[in-house]
Amino acid sequence: MNKRPLFLALGGFVHGGDYNPEQWLDRPDILEEDIRMMKKAGINEATIGVFSWSMLEPEEGRYDLSWLEKTADRLYENGIYFILATPSGARPAWLDEKYPEARRVNVNGDRELHGVRHNHCMSSPKFRELVRDIDGRLAQKFAHHPGLIAWHISNEFGGECYCDSCKRRFRQYLSDKFGGDIDKLNHAWWNTFWSHRFNGFEQIDPPMSHGEFSSMGLTLEWKRFTTFITNEFMKEEIRTVRSFNPDIPVTANFMTMYEGLDYRVMAKSLDVISWDSYPRFHNDYESFYDTMIYNAFCHAQMRSMKKDRPFLLMESTPSLVNWHEVNRPKRPGVHMLSSLQAVAAGSDSVQYFQWRKGRGSFEQYHGAVVDHIGTDDTRVFKDVEALGKTLVKLAPVAGTVIRTKAAIIYDWDTKWSLSIVKAFSHDTVRYDDICIKWYKMLAKSGVECDIISSEDDMADYSLVIAPQMYMLGEGTASRLRAFVQNGGVLVATYMCGYVDSDQLCWLGGFPGDGLSELFGLRAEEIDAYYPSQTNSVRFSDGGSCTVTDYAEILRDVSADVLARYGDDFYAGTAAVTEKAFGQGRAIYVAARLEESGMERIIDRALSQAGIERKALPENVAYYRRSGDGVNYGFYLNYSDVPVQLPDACTDIISGEKVTQLAPYGVIVITEE
Ligand code: GAL
């Protein structure tokens, strides 16, 4: 496995973040001070141009790229590279005034007024033309600048537009999808129900607040269309900047499990995956360990979209944000820990929003490396500086990747369908949380896993977990069968395979599309519990655990029964099963088990899959990055108390032999 750092010029990790000098053009002293402080903090990258349109083109056709050029040059002269953003994430007032079609029409059918950001129409030909123009001008000037290491396309794409142009494109999208045959759509959406049959595509409107909201098919296709049109918009921006220099990699900052876009579709058009991480540290509703696990899942999900290379942590805060319900600064040690968690999980960067706090407006109190006090001796600045030094020590790790034999399936289609479906219990489907819970069980066993799509190739894995895989799209069942046939261990849970990719229920018992044979069972009913109600399961080899929220009632069970229900009218029936199939095994978990039950299943599945568990002290996480024949082991303490390590080891960061992990501490070692 050869090591391939993302940016050779940097000789290691990227340490930087969003920098907006255009807010300070009347303070040349501050701009000079920024460079000095960046060097002091070990910053080697600045992300510039994010939301800068009104300063780049103050009036239509009048451009001023001089301040940006000066910034780029000054940074580069001082050994600081830059990632240049296209400015499409926020529009100047002149543009919205002259071209109202750039402004979105909201779900109520109203054209929005000028303001805020992330709210442009993705399909407007005029807006696209204006974006092409400004992107082209930026690329013409900077595409061959020696300091440019990547393009940052727009900012956090998201949202929907219901204007006439988007409606037209939606109808065209549907017509293309259903081969121009409205009856195919009528069947796929089950439109005979409630007399919902259409006579032609032109009759179809998006799901709007005063319109159709009861059609599962319409709502799902609208979500897919939103990804389609956003991706088309993004690809146009990419095409523009690439046409000036195809060698500069492109990225777009994702928001991990963001509901609005299927990032897997968009990832295909990008060279590098990057994302913005803002966990709610130190909250009062979960343990610090669980907050870190949530963030770890996000890293894994982002990493897994391009497994052969590192990703970028494009944004994180060095201290606090300003938009959580409660904005708490990171406790001492947590900045180092959370940043090195990203590195351990496969990131080649630690980047911030933002370098310097602005004086006014919406984000004036958002955390930054440089606070309003303006000095380089703050707690936060020192934390960043310390991290800068650490990243230099870890430089050989840059470019290495994580290889794992375990994966969890996470699909936007399933997530969307489960959010649309009228069934189960409104508050407890919790698809994201449940996927994270399975991730946690693996992490506690010292096993980092990939987060994949049911469309991905599974040949690299020996264990695949498919939590609540409600939708079985085309080919998924046969891929899973082949995976198990060839020796893989598959763990699936309740709500598996209820619908096809149009959300039509599979007939003949769930899981559909032949998967019931693989598991050797059929789910006949699903019981949902109110929050205070529970059931239990008893394992055949002793012990029991609680069931909450969901329990499927199984029939025609030909698999081995590992656990049975303890209560209710289905007491004594199968709740957890396992079936040998080909050279592998298919485990079915019919109920939502408490963690102790999940842990038993993970233990069993790991040993059957031949994946070694790693005994970890409580609250400690482990990762391994590899490349050029060297493995780097990361141990991270997700708690505020010191933890004794099983063996003494030599930490690359401190250069010392250590036997303990400090509170929130991290050590990195080289391994066999
Ligand atoms: C991100 C966004 C940044 C900044 C940041 C604040 O979502 O990309 O521009 O607003 O949030 O946390």
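So the values come out like this:
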quantity: Relative contact order (percent, whole number), the chain, Cα cutoff 8 Å, 6+ residue spacing; calculated: 12 percent
quantity: Projected-area average for the stretch 406-609 over all orientations - Cα convex hull basis, square nanometres; calculated: 10.0 nm²
quantity: For the stretch 561-640: relative contact order, % (alpha-carbon pairs under 8 angstrom, 6 or more apart); calculated: 15 percent
quantity: Around E524: net Lys/Arg minus Asp/Glu count, Cβ-Cβ under 15 Å; calculated: -3
quantity: Model label zone, F362; criterion: amide N under 15 Å from point 7 Å along Cα-to-beta-carbon; scope the stretch 121-164; calculated: 121, 155-160
quantity: Environment charge of S54, counting only residues whose C-beta is closer than 15 Å and scoring Lys/Arg +1, Asp/Glu -1; calculated: -3
quantity: DSSP-defined beta bridges in the chain - what % are antiparallel, rounded to 5; calculated: 55 percent
quantity: Modelled label reach - T546, point 7 Å along Cα→Cβ, the stretch 272-304 residues with backbone N closer than 16 Å; calculated: none
quantity: Estimated vicinal HN-Hα couplings, Hz - the stretch 9-23 in sequence order (Karplus 6.51, -1.76, 1.60; Gly, Pro = x); calculated: 4, 7, x, x, 7, 8, 10, x, x, 5, 9, 10, x, 5, 7
quantity: Cα-based Rg and Dmax for the stretch 489-541, where Dmax is the largest Cα-Cα distance (Å); calculated: 13.5, 41
quantity: Protein accessible area in the chain, 1.4 Å probe - carbon and sulfur %; calculated: 49 percent
quantity: Heavy-atom surface of the chain, accessible at 1.4 Å and reported per residue (Å²); calculated: 39 Å²
quantity: Rg/Rg_ref, the chain, where Rg_ref = 2.2 N^0.38 Å and atoms are Cα; calculated: 1.00
quantity: Globularity ratio of the stretch 1-114, using Cα Rg and 2.2 N^0.38 Å; calculated: 1.35
quantity: Ratio of Rg to Rh over the stretch 396-491 (Cα coordinates, Kirkwood Rh, two decimals); calculated: 1.01
quantity: Amide N of the stretch 579-606 lying under 19 Å from the label point, which is placed 7 angstrom from the Cα of A482 along Cα→Cβ; calculated: 581-586
quantity: Residue-wise HN-Hα coupling along the stretch 174-190, computed from phi with Karplus coefficients 6.51, -1.76, 1.60 (Hz; x: Gly, Pro); calculated: 5, 4, 5, 5, 9, x, x, 9, 5, 6, 5, 5, 4, 6, 4, 9, 6
quantity: Extension gain (nm, one decimal) between K382 and W67, 0.36 nm per residue minus Cα-Cα; calculated: 110.5 nm
quantity: Dmax and Rg, reported as Rg then Dmax, of the stretch 620-671 (C-alpha, Å); calculated: 10.8, 35
quantity: Neighbour net charge for N2 - beta-carbon separation under 14 angstrom, K R +1, D E -1; calculated: +3
quantity: Computed over the stretch 406-609: relative contact order in percent, which uses C-alpha pairs under 8 Å that are six or more apart; calculated: 20 percent
quantity: Interatomic Cα distance distribution for the stretch 448-489, bins of 5 angstrom, percent; calculated: 5, 22, 36, 26, 9, 1
quantity: Overall dimensions of the stretch 434-544 as given by Cα atoms, namely Rg and Dmax in Å; calculated: 15.2, 42
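The values are calculated or read from the model by the stated rules, or taken from the named source; none is laboratory data. If you're wondering where the values come from, they're calculated on a predicted model, not measured in any experiment. Every residue, glycine among them, receives a Cβ derived from its backbone with ideal geometry; neighbour counts consider all protein chains shown. Only protein heavy atoms, including side chains, enter the accessible area calculation; ligands, DNA and RNA are left aside. Shrake-Rupley method; radii C 1.70, N 1.55, O 1.52, S 1.80 Å.
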